[in-house]
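Colleague: Structure below; questions to follow.
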Amino acid sequence: MSVTAFASHVPDEKVYSETVDCGSVSQLDLFRRVRIAVSQLGPDNKTLIADKETGDFVSQGYLAINVQRTENSPGGSYQFRYVLTVESVNRKYRASITSIEFMDNGRSIPMKNFNPKAEKGLEALGNELDSRLRGILAELQLRVKDYKPF
């Protein structure tokens, strides 16, 4: 069982990714687990691709993060959009979170143009965003790998 999680840079874009070995699960069952897990992670997420033949599942999700106002931070409510891609094959799946964008009054700003860790007072926002995106991958793993059939 090999699980790796990392954040890397693809030209101007941060990618969160992990590969998980799910044991002796069939391709069809693995795809089913992924589909159910992603829908439970974010009921408002929009499914972009769901191909059981190839095992590919892609959805677009949203995160809302509230940051408390402090002496060093302006605080506020921030919304982000991301794409979650799950490729399943040979009893394994690879989940990747890409295309992370800051949503500003209906307008999307790519993260390469909005870096909360570089903004004064918004480091807490950057840390919370990083934590929440890693949490999505961890929750997906829990729901897919440790799926309890009825």
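Colleague: To the nearest 20 debye, what is the magnitude of the charge dipole of the chain about its Cα centre, counting +1 on the Cβ of each Lys and Arg and -1 on the Cβ of each Asp and Glu? Each step should come with its number before you reach the end.
Modeller: Working: 20 positive and 19 negative charges, 64 e Å.
Its charge dipole is roughly 300 debye.
Colleague: Taking only protein heavy atoms and a 1.4 Å probe, what accessible area per residue, in Å², does the chain have with all protein chains in place? Please report the intermediate quantities before stating the final value.
Modeller: On the way: 8900 Å² over 150 residues.
So the chain comes to 59 Å² accessible per residue, rounded to a whole number.
Colleague: Run the numbers on the chain and let me know its relative contact order in percent, using alpha-carbon pairs under 8 Å that are six or more apart.
Modeller: Values: 271 pairs, mean separation 36.1, N = 150.
Here the relative contact order equals 24 percent.
Colleague: Using the Kirkwood radius over Cα pairs, work out the Stokes-Einstein diffusion coefficient for segment 25-150 at 10 °C and 1.306 mPa s, in µm²/s as a whole number.
Modeller: Numbers: Rh = 15.7 Å.
Estimated diffusion coefficient is 101 µm²/s.
Colleague: Here's something else I'd like to know. Give me the net charge for the shell around Val58: Cβ to Cβ below 10 angstrom, other residues only, Lys and Arg +1, Asp and Glu -1.
Modeller: Numbers: positive: Lys46; negative: Asp51, Asp56, Glu87.
Once positives and negatives cancel, what remains is -2.
Colleague: Hey, what's the Kirkwood Rh for segment 39-113 if you take every pair of different alpha carbons, in angstrom?
Modeller: Numbers: mean 1/r = 0.0705 Å⁻¹.
This gives a value of 14.2 Å.
Colleague: Continuing with this model, one more query. Between Tyr16 and residues 5 or more places away or on another chain, which pairs have amide H atoms under 5 Å apart, with H built 1.01 Å from N, and which residues are they?
Modeller: Ile97
Colleague: Rg/Rh for segment 25-79: what does it come to with C-alpha atoms and Rh from Kirkwood? Walk me through the numbers on the way to the answer.
Modeller: Numbers: Rg = 17.0 Å, Rh = 13.5 Å.
Looking at segment 25-79, the ratio lands at 1.27.
Colleague: Let me ask something additional. Of all accessible surface on segment 32-79 at a 1.4 Å probe, what whole percent is carbon and sulfur?
Modeller: Values: 1320 of 3070 Å².
Answer for segment 32-79 is 43 percent, counting heavy atoms of protein chains only.
Colleague: While we're here: Which parts of segment 32-55 would a label at Asp21 reach, counting a residue when its backbone N lies under 20 Å from a point 7 Å out along Cα-to-Cβ?
Modeller: Under cut-off, by backbone N: 34.
The values are calculated or read from the model by the stated rules, or taken from the named source; none is laboratory data. Just so it is clear, the structure is predicted and the values come from calculations on it, not from any experiment. Neighbour counts are summed over all protein chains in view; Cβ atoms, including those assigned to glycine, are modelled from backbone coordinates with ideal geometry. Surface accessibility is based on the protein's heavy atoms, side chains included, excluding ligands, DNA and RNA. Shrake-Rupley method; radii C 1.70, N 1.55, O 1.52, S 1.80 Å.
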